[in-house]
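For reference, the structure discussed in these notes is given below.
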Amino acid sequence: QVQLVESGGGLVQAGDSLRLSCAASFSTYTMGWFRRAPGKEREFVAAISRSGTTNYADSVKGRFTVSRDNAKNTVYLQMNRLKPEDSAVYYCAVTISGDVYSTSYQKDDYDYWGQGTQVTVSS
């Protein structure tokens, strides 16, 4: 059964940190994070390839770090110095085939999506 289980969201204050996790029930290639704020489109946040190459949206560079544990089929998103504009539902997404170096920022490139976890940052 295909399953992506996310955890780690919550309510924090500006400047705080949160760590999101997403565990897949199967082997993956690219693992990414996207987010959707109310009234906005789902947008790319970060991605990590199977080989460990990373890619970040400009808005989170230097504050967020994506990592993965291939043995556990799990991806993490460490979010530091959070801002109110980071508030959104965060979704993990994975691909199950392709380039081991790919860190795509395009939603359509991903095969499976998590259910989403809410992150709220108060000012």
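Here are the numbers:
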| item | result |
| --- | --- |
| Verdict on Ser104 being more than 22 Å from Gly15 (Cβ to Cβ) and either of a type outside the set (A, V, I, L, M) or touching a Pro at 6+ places or on another chain (Cβ under 8 Å) (or both) | yes |
| Elements of type strands (runs of 3 or more DSSP E) contained in segment 16-123, each with 3 or more residues being open to solvent by 30 Å² or more (accessible area, probe 1.4 Å) | 54-56, 64-69, 117-122 |
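The values are calculated or read from the model by the stated rules, or taken from the named source; none is laboratory data. As the structure is a computational prediction, the values presented were derived from the model and not from experiment. We place every Cβ from the backbone using ideal geometry, glycine too, and count neighbours over all the protein chains shown. For the accessible areas, the whole protein counts, side chains as well, though only heavy atoms, and no ligand, DNA or RNA atoms are used. Shrake-Rupley method; radii C 1.70, N 1.55, O 1.52, S 1.80 Å.
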